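Report on the following structure.
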Amino acid sequence: MGKARKLKKNSYLIKAVLKSKFSIKRNLLQGFRDRKKYYSKLDTNADIKSLMYCMLCPNMCRFDCPAVQASKNESHSPAMKAKIGYLLEMGKLEKTNENINPIIEGCVHCSACKEWCFFDFAVGDLLDGVIEDLYLQERLPENVLEFSNRIRNNNGLYDLEHLKKSTKELETFSKGEIYYFPGCVTMGNNTNVITAIKKIALITNTEIISKPLERWCCGAPSIYSGDVEKAKGLAYHNLEHFRSLGIKMIICECPECAYMLKEGYKKIGFDHKIPVYHLSEWIYQLVENKKIKLLNAENSKLLENSFPISYHDPCVLARKMNVIDAPYKLLEKMFPNEFKENLYSKKLTHCCGFGGLVNIVNSKLANTISINRLEEFDKEGIKTIVTGCPTCWYSFMKNNKDLKFEIIDIVELIANFVKK
Ligand code: SF4
Ligand code: SF4
């Protein structure tokens, strides 16, 4: 945020301080002078100063944090998680599972807090460094270590046997300079998306290449479990893999993969120049360049009794990647009358509950957050929920009680209504 915007945003605070009593002004000044006392001099991976600022905040973003809203557990509130992270780093809180759990099970890394934050903090990002330090100190709970070891052993979330389910579908992606990077969750759970990409590639005569058993996990789950060294190994391998194939562009159906390949690799020291797009962006370009036409889908038998239709913005796609226009424009073209935007949409979307490691360490809480999100669609009478993330899709499929909703990935939906 620029200095001028920051000043404008916080002018009310400056006015409040100026109007306050002398003793308050003196205490504030004293605290400011002594501030270095509270910053760590230790060699840590965490941003201690930001954690401290956040823990002193009166939890201004608490109302929009899906974790504390679902669990009603104050140790899951944003400022409290920052406080726990700070105290763990400063050695003021014992590194027991009980003390560590809230910062892992209580944050879906959705960045909703950032939308309201004076400092532009996303608490999930602040906690990454703390979790990395706990990993290096071998203090993380057993279930988190099991998860990171699984990635170490398989170079992904699943073993090769599991992934082989989808390799048949991916065989046709055999040449070209566009690489389709299939996410672990898609390969393991929803091969319909791969079939849909195949159809779109065929209609548009686009050559795509994908090597599902040679590409490794993008590395995002390793970051969440503190294993940054493994994330670096995965990044190195994948970039070498792309270079050996002469790749000029990467497309991903999974926002986590797209964000990790596009921005996350730079953060861990692996800069590259290959453009990375989410599939909704790629399809939107195809429509704009008149390579495909979208049909009006409102009279289709496929979606009978399934209106109104709405879209769930995946947190990473909308807030971290700022990919908002493409999915909305595509859906509004296909459903000019029946598309209804959710009240909590775009940058103000709410998480599906399965972000970060919450579903690994506290699936009950992950499912409650997912149900809360589904209820937001139910209140608006929505019958079909479209999303652009395999993890959101999986979360909603799991919690779609009484099969109340049709849940569909945006690529799978579009593939039914495209023509040359
Ligand atoms: S993320 Fe920002 S708004 Fe939320 S508690 Fe921390 S400092 Fe306050
Ligand atoms: S990233 Fe999401 S879950 Fe984590 S503190 Fe912020 S709003 Fe809450």
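If N205 satisfies all but one of (1) crowded, with 22+ Cβ neighbours inside 10 Å; (2) not in a helix (DSSP H, G or I), what's the number of the condition it fails?
Failing condition for N205: (1).
Could you check the range 208-224 and list, in sequence order, the residues that are small (G, A, S) and assigned to a loop (DSSP other than H, G, I, E, B)?
Of everything in the range 208-224, those that are small (G, A, S) and assigned to a loop (DSSP other than H, G, I, E, B) turn out to be S210, G219.
So that you can scan it fast, the table gives a plain yes or no per residue for (1) part of a loop (DSSP other than H, G, I, E, B); (2) more than 14 Å from R139 (Cβ to Cβ):
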{"site": "A70", "(1), (2)": "no, yes"}
{"site": "K83", "(1), (2)": "no, yes"}
{"site": "N101", "(1), (2)": "no, no"}
{"site": "I104", "(1), (2)": "no, no"}
{"site": "C107", "(1), (2)": "yes, yes"}
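Quick check, is Y53 touching a residue at least 24 places away in the same chain (Cβ under 8 Å), over 29 Å from N143 (Cα atoms) and either surrounded by fewer than 21 Cβ atoms within 10 Å (Cβ to Cβ) or of a type in the set (V, I, T) (or both)?
yes
Coordinate-derived values only; no laboratory data. If you're wondering where the values come from, they're calculated on a predicted model, not measured in any experiment. Don't worry about glycine lacking a Cβ; one is built from the backbone with ideal geometry, like all the others, and counts go over all protein chains shown.
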